[in-house]
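Each remark here refers to the structure printed beneath this line.
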Amino acid sequence: MYTQFKALMDSFIPMGVPGFDAILLKDGVPVLRYRNGYSDAENQIPMQGNERFNIYSCTKMITCTAALQLWEKGLLSLDDPLSKYLPEYATMTVRCGDDVVPAKNTITIKNLMTMTAGFSYDTNSPSLRKLKEATNGKCSTREVAYALSQEPLLFEPGSRWEYSLGHDVLGAVIEVISGMSLAEYVRHHIFDPLGMTNSTIGATDEELESISPLYSFDLSTNTRKRLGHIDYARIHIGNHFLSGGAGCISTLEDFVKFLEALRVGDVILKKETIDMMTTDQLTDEQRSTFWWKHRCSYGLGVHCPLSNTDNHFFSWGGAAGAEPLIDREHGITFLFFRHIVGMNNDFINDALREHLRSLL
């Protein structure tokens, strides 16, 4: 039954993917586990199935889940101003052409979750460069959030959708409310309850050695190269920065437990909360700037179905190719891990999604 699906995944290897690991569950039961290629291409070490990968922006799903746990406990409201928890955001500015003007709107918690706060994804902005220099690259999550408040917003909060560092700021909010680091909170309230023993937010210098080799691909030259662990630290802004937007390291068998918890509900979040998380949260104006506005929309940390389509998947993928897909209506949980940045993720992920839809 899955011969064609395996062939599709195998076809990514000649394109430059060094190796992959995949799992498909139907109603919680694994119906396909398949891997091919190398985790370490230079040393020809085959994919074993227990590799730890940078899952990058898949982390956003975890961070939003953590924030929604606090929401369920009544510890924050989606309509709360961000400045209630991070006072430096009480007075913001907006870039308007060559000018910088006072912001009229207040950033809310919902703005952070829906990518409508006005932030950019510039990890090398003047305020962050200054912070990295001042801390010798050891800036904390809270310090990064403060530095971002010194930058002008790209637009008035709530006026459009823009992929950004908003979930990294949300991570700082979680730290303030919980009194724990983001890594500690997620471990105690998500990873430990689900038995995700090989997952962390962030990594010590010693732990970096446990991560599977990371690769990059240059589409212009059609070449692949191996990246060092220093690239991990560079992408994550600082050594002490716990990125709520891209900082999780996990294994396939660990992360699929998290996905299953979201599919089933009433495990780490109530079913009703997951309903809200996976419901279109964008206004027409905000949706007009969403990347895939013609086929889906954006909920709270995930892309989600439009009401007028037969697409039932929700998820959010990662820059190195981690692609989770959850279909609650059909009982489908799918996870595909590769560890290479710079490839055409949309092409690969669209092919995976379309084949899964053909199996429903």
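Does the range 280-297 include one or more residues that are touching a strand residue (DSSP E or B) at 6+ places or on another chain (Cβ under 8 Å) and open to solvent by 60 Å² or more (accessible area, probe 1.4 Å)?
no
Tally time: how many residues in the range 9-52 are crowded, with 19+ Cβ neighbours inside 10 Å and part of a helix (DSSP H, G or I)?
Number of matching residues: 2.
Kindly check whether there is at least one residue in the range 185-192 that is farther than 30 Å from LEU282 by Cα and more than 17 Å from the chain's Cα centre (by Cα).
yes
Would you mention how many residues in the range 274-331 are within 24 Å of PHE12 (Cβ to Cβ) and among the β-branched types (Val, Ile, Thr)?
Of the residues in the range 274-331, 2 are within 24 Å of PHE12 (Cβ to Cβ) and among the β-branched types (Val, Ile, Thr).
Would you mind telling me which numbered condition in (1) crowded, with 20+ Cβ neighbours inside 10 Å; (2) out of contact with any strand residue (DSSP E or B) (no Cβ under 7 Å at 6 or more places or on another chain); (3) under 19 Å from THR114 (Cβ atoms) ILE268 fails?
(3)
Looking at the range 122-139, which of its residues are acidic (Asp, Glu) and either closer than 18 Å to GLY245 by Cα or in contact with a Cys (Cβ under 6 Å, 6 or more places away or on another chain) (or both)?
If the condition is that a residue be acidic (Asp, Glu) and either closer than 18 Å to GLY245 by Cα or in contact with a Cys (Cβ under 6 Å, 6 or more places away or on another chain) (or both), then ASP122 is the only one that fits.
Among the residues of the range 233-286, which ones are in a helix (DSSP H, G or I), acidic (Asp, Glu) and either under 30 Å from LEU131 (Cα atoms) or in contact (Cβ under 8 Å) with a residue 12 or more places away in the chain (or both)?
Going through the range 233-286, the residues in a helix (DSSP H, G or I) turn out to be 233-235, 252-264, 271-277, 284-286.
The next check asks that each one be acidic (Asp, Glu); those that pass are 253-254, 260, 272, 275, 284-285.
Result: GLU253, ASP254, GLU260, GLU285.
Here are ASN136, ASN198, ASN105: which of them is modelled with pLDDT under 95 and either of a type in the set (A, V, I, L, M) or open to solvent by 60 Å² or more (accessible area, probe 1.4 Å) (or both)?
ASN136
When the range 165-177 is examined, which residues are found to be over 14 Å from the mean Cα position of the chain (by Cα) and either surrounded by fewer than 19 Cβ atoms within 10 Å (Cβ to Cβ) or among the aliphatic types (A, V, I, L, M) (or both)?
Within the range 165-177, ALA172, VAL173, ILE174, VAL176, ILE177 meet the criteria.
So which of GLU156, GLU162 ends up being farther than 19 Å from ILE237 by Cα, of a type in the set (Asp, Glu) and touching a strand residue (DSSP E or B) at 6+ places or on another chain (Cβ under 7 Å)?
Result: GLU156 is the single residue among GLU156, GLU162 that is farther than 19 Å from ILE237 by Cα, of a type in the set (Asp, Glu) and touching a strand residue (DSSP E or B) at 6+ places or on another chain (Cβ under 7 Å).
The values are calculated or read from the model by the stated rules, or taken from the named source; none is laboratory data. Treat the numbers as computed from the prediction; the structure is a model and nothing was measured. Backbone-built Cβ (ideal geometry, glycine too); neighbour counts: all protein chains shown. Ligands, DNA and RNA are stripped out before the accessible areas are found, and what is left, the full protein with its side chains, is counted by its heavy atoms. Shrake-Rupley method; radii C 1.70, N 1.55, O 1.52, S 1.80 Å.
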